[in-house]
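The values are calculated or read from the model by the stated rules, or taken from the named source; none is laboratory data. It should be emphasised that the depicted structure is a prediction, and the values quoted were computed from it without experimental measurement. With ideal geometry, Cβ positions are generated from the backbone for all residues, glycine too; neighbour counts draw on all protein chains shown. Quick note on the areas: whole protein, heavy atoms, side chains included, nothing else; ligands and nucleic acids left out. Shrake-Rupley method; radii C 1.70, N 1.55, O 1.52, S 1.80 Å.
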Amino acid sequence: MRRRTRALVLPTALLLTCGAMVGTAQTAGAHATAVKRTAECQGDWLPATPTSSDIMAGEVEFLALPPVKVGKDVDWRTDPYRNRSWSMVFHSLRWMGRLVADYETTGDKAYLARAAEIARDWVADNPRRGGGSPYAWQEHPIALRAPALVCLSKHVGESWLTRSLAEHAAMLSNPKLYEKGHNHGIDQDIALLGIGCRYKRDEWSSLAIRRLTETVDLDVDSQGALREQAPRYATYVHDRLKVAMDDIEECGRKVPSSIEKRWESLKGFVAHSTQPNGFMVPIGDGGADVRPVGYDSPKKTVKVFGNGYVYGRTAWDKPESAFYSIRFGPGTRYHGHEDHLGVTYYAQGRDVLVDAGFHSYEDNGYRRWTMSPEAHNVPVVAGARFRPRTATALTRSSIGGDRQSFRLTDKAYGVPRTRSVLVNHGEDVMAVLDTVPAGAKVGNLWHFAAGLSVVSAEGGRVVVKDKAGWKATLVQLAMPACTPVGGQKVVRGASSPYQGWVSNAYLKKEAAPAVVSPAVAGGLLTVVVPGTDQPSVSCSGGRVKLETAKGSVSFKAGRADLS
């Protein structure tokens, strides 16, 4: 939901075309009869909740929030949770479509009668030129509602419905309201295509396919990376493009090859964005509970996507594998957060370093914090003002089988901040070196998973453990002197300001340990060692050596590089 749409002059051609339709919904209570299923009414666009029985009882449930009684005469200004997503789903009328789909399945005419009654009431109470709910004619509800109304039109031919579909088509075809290069635009194209095909309006079908081709080219790059800066939306776009391609073929049209190629390329991006535990890494507006299904594992275990993602893992299809992500690329847009130079780390079958995650789209203090640098594992320049939407460059990468290293830099705080990341596999270690120019000081933030608790924080070391007793250690050293940096502040569940939280599901948050480091001049080296609380760390001749219970690891630490 990005902006309120404006009223348009409605073309009459569609009304004339639709006016030839006849027939009305059957009355409730009539005996069930066999009904032909239609492509327009069947499919995975239908919501799991509410069920048809819920709707018939006057109750709706969205977004796993408690059910709401709406009764027979629906108040379309109902907004029980002051939640924009709830209102968007409410006005999408997909739940009304559930009734029509179940009418086709069961033959129960009461379902169709109630669906027609709900839709007619919505049309009457929400005129396009105002007076209804402020959500009624926003661009995304329009796009999601139109297919539900098209579905209804397969069984109901009353003039109020054909007129409303004409209004929807007018809004959807207006270039000023089109969300080009965004998943909303894809939904708008699917909706306009559906109306155009339903009433044989080739100009609308052609417009939808032409716009869709352009939008997909903007939204999905040649590597398959989604440009909306939240990987979980790649699964949504992939699913919706499949719907669009199927609809194009159902319409007797040819699917543009460029759409099919970008759709195929999304699969690799989704797979690389998925952690060994099967859940997508929660970057941007992406919940930690998103679990993609049906995406094959690529051959490469490390992948750099030029639009801002580095993903690496030790192996595919092994839950105990290590996995990491690094963010860079264009400035924040759409569903992105201010997470540039941020990392996540999964090792030995556990989340170790995580993002604070996605909570909701509500404009409140907590939402704003989850989008800020402070909710991510990033370097911070002490005393400097953060500059939003700054681009970050990946300036060096070295990819080996057992070790990878990368260097990134930007001027998000007005001066160059550089982060070098090294990940060692086999003996799991992540090392991060943050540097700033002379005269500046750099600190950083580290967010541990909610299932970890702090055992100790002293002498430049923070030790965490899980309920099973597994431990990990974070060590910080001032470079190039290689002296321990003490004074780490551990924050858990603070609200003024927000810090020490993780959102693992929509509208949920848990207190979790966050480490705020002191700022140092020159360079700050952070080493994360999973599986132990007593790593031995030493430096000599520009080389850092770690001794753990399972073996030793060493790496070079230059002025601004790790290798």
Quiz item: Based on the Cα atoms of region 321-435, what semi-axes does the equivalent ellipsoid have, where each is the square root of 5 times one gyration tensor eigenvalue, given in whole Å with the largest first?
Solution: 25, 19, 11
Quiz item: Using 7 Å Cα-to-Cβ label points, what is the LYS299/GLU547 separation (nm, one decimal)?
Solution: 4.2 nm
Quiz item: By average Cβ neighbour count within 10 Å, what is the ranking of 228-235, 57-64, 204-211 from highest down?
Solution: 228-235, 204-211, 57-64
Quiz prompt | Hydrodynamic radius by Kirkwood, which averages 1/r over all alpha carbon pairs of region 439-563, in angstrom | solution = 15.5 Å
Quiz prompt | Where only C-alpha atoms are counted, convex hull volume of region 406-492 per residue in Å³ | solution = 130 Å³
Quiz prompt | Nearest-20 debye value, region 142-210 charge dipole, Cβ charges on Lys, Arg, Asp, Glu | solution = 80 debye
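Can you give the local net charge around PRO50? Use residues other than it whose beta-carbon is closer than 13 angstrom to its beta-carbon, Lys and Arg +1, Asp and Glu -1. If you can, show how the numbers build up before the last one.
Values: positive: LYS69, ARG94, ARG98, ARG114; negative: ASP54, GLU59, GLU61, ASP102.
Taking every other residue near PRO50 into account, the sum is 0.
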Practice problem: List the trypsin sites (Lys or Arg not before Pro) within region 36-73 that fall in a DSSP loop (any state other than H, G, I, E or B) and whose Cβ has at most 15 other Cβ atoms within 10 Å. | Solution: LYS36, ARG37, LYS72
Quiz item: Given labels modelled 7 Å from the Cα in the Cβ direction, how far is it in nm from SER53 to ARG396?
Solution: 6.5 nm
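Semi-axes, largest first, in whole Å: what does sqrt of 5 times each Cα gyration tensor eigenvalue give for region 440-487?
24, 12, 8
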Practice problem: Treat each spin label as a single point 7 Å out from the Cα along the C-beta direction, and report the ARG385 to GLN534 distance in nm. | Solution: 5.0 nm
Self-check item: Förster-model FRET efficiency, 30 Å R0, ARG37 and SER265, C-beta, rounded to 0.05
Solution: 0.40
Quiz prompt | Linear extension gain, LYS508 paired with ASP363, 0.36 nm per residue minus alpha-carbon span | solution = 50.7 nm
Quiz item: Quick one: what Rg and Dmax do you get for region 49-151 from the alpha carbons, in Å?
Solution: 12.8, 38
Exercise. Report the trypsin sites (Lys or Arg not before Pro) located in region 283-345 that are in a DSSP loop and have at most 11 other Cβ atoms inside 10 Å of their Cβ, or state none.
Key: LYS299
Self-check item: Peptides 217-223, 137-143, 539-545, 452-458 ordered by average Cβ neighbours within 10 Å, highest first
Solution: 137-143, 217-223, 452-458, 539-545
Quiz item: What is the chain's relative contact order, in percent, from Cα pairs under 8 angstrom and six or more apart in sequence?
Solution: 9 percent
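Taking the Cα centre of region 466-563 as origin, sum charge times position over the Cβ atoms of Lys and Arg (+1) and Asp and Glu (-1), and report the length of that vector in debye to the nearest 20. Present the calculation step by step, with values, prior to reporting the outcome.
Details: 11 positive and 5 negative charges, 15 e Å.
Here the size comes out at about 80 debye.
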Quiz prompt | Mean shadow area of the chain, taken as a quarter of the surface of its Cα convex hull (nm²) | solution = 26.7 nm²
Practice problem: Roll a 1.4 Å probe over the protein chains and send me the accessible area per residue for the chain in Å². | Solution: 40 Å²
Self-check item: Base-10 log of normalised Debye intensity for region 378-432 (one unit scatterer per alpha-carbon) at q = 0.15, 0.16, 0.20, 0.25 Å⁻¹
Solution: -0.51, -0.56, -0.74, -0.94
Practice problem: Pop out the carbon and sulfur fraction of the accessible area of region 443-563 as a percent, whole number, probe 1.4 Å. | Solution: 50 percent
Quiz item: Got a sec? Charge dipole of the chain, +1 on Cβ for Lys and Arg, -1 for Asp and Glu; which of ALA225, ALA375, SER297 is way out at the positive end?
Solution: ALA375
Quiz item: Just the Cα atoms of region 51-90, one point each, no solvent: what log10 I(q)/I(0) does Debye give at q = 0.19, 0.25, 0.32 Å⁻¹?
Solution: -0.51, -0.87, -1.28
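When the accessible area of region 95-136 is computed with all protein chains present and a 1.4 Å probe, what percentage of it is carbon and sulfur?
The C+S portion of the solvent-accessible surface of region 95-136 is 46 percent.
Tell me whether region 93-146 comes out rounded, prolate or oblate; compute the Cα gyration tensor, take square roots of the eigenvalues as a ≥ b ≥ c, and use a/c under 1.5 as the rounded threshold.
In terms of gyration-tensor shape, oblate.
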Practice problem: Post the alpha-carbon centroid distance, region 109-175 to region 37-67, in whole angstrom. | Solution: 17 Å
Quiz item: When all C-alpha to C-alpha distances in region 128-244 are sorted into bins of 10 Å, what percent of pairs does each bin hold, rounded to whole numbers?
Solution: 14, 44, 31, 10, 1
Quiz item: Along the positive direction of the dipole of region 442-515 (beta-carbon charges: Lys, Arg +1; Asp, Glu -1; about the Cα centre), which of GLY500, PRO484, VAL442 reaches farthest?
Solution: GLY500
Quiz prompt | Computed log₁₀ I(q)/I(0) - Debye formula, equal Cα scatterers, no solvent, region 331-398, q 0.23 Å⁻¹ | solution = -1.15
Quiz item: Can you list the equivalent-ellipsoid semi-axes of region 228-351, largest first and in whole Å, using the square root of 5 times each Cα gyration tensor eigenvalue?
Solution: 27, 17, 12
Practice problem: For region 303-371, would you read off the P(r) tail past 21 Å as a percentage of all alpha carbon pairs? | Solution: 36 percent
Quiz item: About the Cα centre of the chain, what is the dipole size in debye to 20, counting +1 per Lys and Arg Cβ and -1 per Asp and Glu Cβ, all else neutral?
Solution: 1380 debye
